[in-house]
Every structure is written in C-alpha cells, then in structure tokens.
C-alpha cells in the first residue's frame, strides 16, 4: 500500500495545477482540450511567421512587382498584420485558449493573403496557394462547420480578386470552370485534413482513456485518479473546504480466488466497483487503487458525511452476495476514512491516514467502517 501511495505522488507531480469543474469528468476533458489548444496555438504562431516570410520572399525575389506603390502597399499590409498578430497574442497571453481565438487568427491570415494578392497580381500570383495555410489551420483546430465557413470566405475572396482582374469574364462558363479548378484544391485539403484530424483526435482520446482507466472495473486507474483529483484538491485547499478520502478493501477476494478461480475474483471486483459507483455523487472520484483496494475522493464532504456514505457502501455490498455456480457467496468490505484538513493538508497524507484507518478496520474484525484517529499515527 505504501508503494502505491508513492506511485500516486509521482503521478501527481507530473501534472500542473489548473482550474477544474466540480464534475471531474468534465474538468478532465476541459483540461486536456486546453492543453491540446495550447499546443495548436504554438503551431499557429509559427504559421503566421511562415506566411510573413513567404510573402517577404515573394516581395524581394518575385520579380513581378514593378510598381513602387505596390511594394509599399504590400509592406504596409505585412507590417500591420505582424503588429496585429503580436498584439493579439500579447493581450491574450495569459488567457485560456479557445477555438474562437484561433478562428480570429485564421481570418487574419485570409485577410493578409487577399490584400497581398490584390496588390500584386490577383489570382495570377503563386501566392494564391497560401490560402491553404489558413484552411489547414482551421481544419486541424476548428469544427468542420467553421472550417466550411472559412472555405466559403476564401471562395468569396477568389471571386472578389477575379472580378477585379477581369470584370467582363465574371459571368462566363469558362470563368466558373477556372474558378472551380482553383478552389478544388482548397476544398480537397479542407476535407482531407478535417477527416485526418478527427481520426487522430479519436485515436488520442481512446489511447488516453486506456491509459487512465482500469480495464477490469471501468473505474479510473491510479494515473487517472491522480489527474482528476489534482485539480479538485487544489480547489479544496484554495477555498479551505472540508473533503474526505475513502480507502475500501475487499474482505473476500483471496478466498474467492482460491476457491472459485480468478474469473470469479474478477466478477467480485466488478461487482464491488459497480456498487461503489452507484452510491457516489457525480462530483466524487472513485478509482481502483490496486489489487482488491479502491479509493474515493469526496470533495466538499466532511468526515461525518463521508462516514455515512462509507457505511452505505458497506451495507450495499454486504446485501448483494456474489453468485457463482448456483452458490451465493457473501461479500464484505472494510473501509477507512480520513479528511481534509484535520487529517492532513496534502492528498498523499490524507490517503495514507485513510489507509491506516482501513488497516485498523481489518484488525478489528473486517466488514466495518472506521475513521482515522490521531492515536493511529
């Protein structure tokens, strides 16, 4: 048990504190999405500078800009674009990343590309392919509907640029054929990258779920428990709200394994997990702690309230025997309870004292609930 506690401490030390929802599932999802958006935001920043560098390269080596006024217009546009990007990112440097912030940045990309194309040579410029950058960014970071809207905006920019270059041909069949050929790569890239991004996100979520969930019981494993409780416990400490830890251990797993095999023992563990989950609130965080032991973090719950819940769990488990080959095997658990702040000011300390209370419950005859007492330390 002590080695498992040290694993919990190690797992928690790798997680940076952040604000979490009361519902740990919602909070965990929000935190992971925020980390994902932060990583994407760094990539978008690099895309901004890549786009500026590309346009500067065209300005210097393009060889098609003879008009000094055009050069000045493009340079001014790039200057204001760079200033806008830097200002926007500086103002929002310490705020949460959102899809809308990234959407605004992709719109800025579309605007500067359209400005440069308008100043240079409209759609005849090789820079027309730069529209793929905001499309790829939107497809990777934003929802499919927003990406489609941005593709529609790019199509409108195409029409605007083409109309300005050759007004007499705008309504001809040849014009729309050429327009379709120019827009087709944008649509194709948007579709492929959106599908690819969706598949990657599904795969990552599945891998994350497997890494943080106990396959046998469906409860969070030790790593998942550490991630969920880190944020919740930070809120508890910040607001000095009483909370509790339950340590729950099966009294029957070894005899069941010895007499009926490991499959029967697995059935017992699944039954215990389902019963524990059924007696908890959405805000509580249950997990399989290892072997036949479970842990529950109950935010904003005093020890007296946690003892009531623990007793209810114990009674519910004792009331439903495990049925094996027509036999009804009685099941019981022992539970230790400790709370914040009276039993510790860190999650590890409280867990350790709940574990000691569990040991006392085992020593006192099992099938009982005991709170931690100072004399047990």
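For every residue, the table says whether it meets (1) within 21 Å of residue 302 (Cβ to Cβ); (2) at pLDDT below 95.
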| site | (1), (2) |
| --- | --- |
| 323 | no, yes |
| 326 | no, yes |
| 329 | no, yes |
| 338 | yes, no |
| 342 | yes, yes |
| 354 | yes, no |
| 365 | no, yes |
| 369 | yes, no |
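The residues of the range 251-264 that are in contact with a strand residue (DSSP E or B) (Cβ under 9 Å, 6 or more places away or on another chain) and either outside the structural domain of residue 330 (by TED's automatic domain parsing) or surrounded by 14 or more Cβ atoms within 10 Å (Cβ to Cβ) (or both), listed by number, are 251, 252, 256, 260, 264. Restricting attention to the range 196-217, which residues are closer than 26 Å to residue 263 by Cβ, in contact with a helix residue (DSSP H, G or I) (Cβ under 7 Å, 6 or more places away or on another chain) and either assigned to a helix (DSSP H, G or I) or modelled with pLDDT of 90 or more (or both)? Matches in the range 196-217: 211, 212, 216, 217.
Suppose the filter is free of Cβ contacts under 8 Å to residues at least 12 places away in the same chain, surrounded by fewer than 24 Cβ atoms within 10 Å (Cβ to Cβ), under 21 Å from residue 361 (Cβ atoms) and in the same structural domain as residue 299 (by TED's automatic domain parsing); does residue 349 pass it? I'd like the intermediate steps shown before the answer.
Working: free of Cβ contacts under 8 Å to residues at least 12 places away in the same chain: yes; surrounded by fewer than 24 Cβ atoms within 10 Å (Cβ to Cβ): yes; under 21 Å from residue 361 (Cβ atoms): yes; in the same structural domain as residue 299 (by TED's automatic domain parsing): yes.
In short, yes.
Looking at the range 332-344, can you tell me whether even one residue there is touching a helix residue (DSSP H, G or I) at 6+ places or on another chain (Cβ under 6 Å) and within 16 Å of residue 219 (Cα to Cα)? Looking for residues that are touching a helix residue (DSSP H, G or I) at 6+ places or on another chain (Cβ under 6 Å) and within 16 Å of residue 219 (Cα to Cα), one finds none in the range 332-344, hence no.
Being surrounded by 14 or more Cβ atoms within 10 Å (Cβ to Cβ) and either modelled with pLDDT of 85 or more or in a helix (DSSP H, G or I) (or both) is the filter here, so list the residues in the range 81-103 that pass it.
Answer for the range 81-103, where residues must be surrounded by 14 or more Cβ atoms within 10 Å (Cβ to Cβ) and either modelled with pLDDT of 85 or more or in a helix (DSSP H, G or I) (or both): 81, 82, 84, 85, 88, 89, 99, 101, 102, 103.
Does residue 162 fit the bill of being surrounded by 18 or more Cβ atoms within 10 Å (Cβ to Cβ), in the same structural domain as residue 108 (by TED's automatic domain parsing) and at pLDDT below 85? Answer is yes for this residue.
The values are calculated or read from the model by the stated rules, or taken from the named source; none is laboratory data. This structure is a prediction, so every number in the text was calculated from the model and none was measured. Every residue, glycine among them, receives a Cβ derived from its backbone with ideal geometry; neighbour counts consider all protein chains shown.
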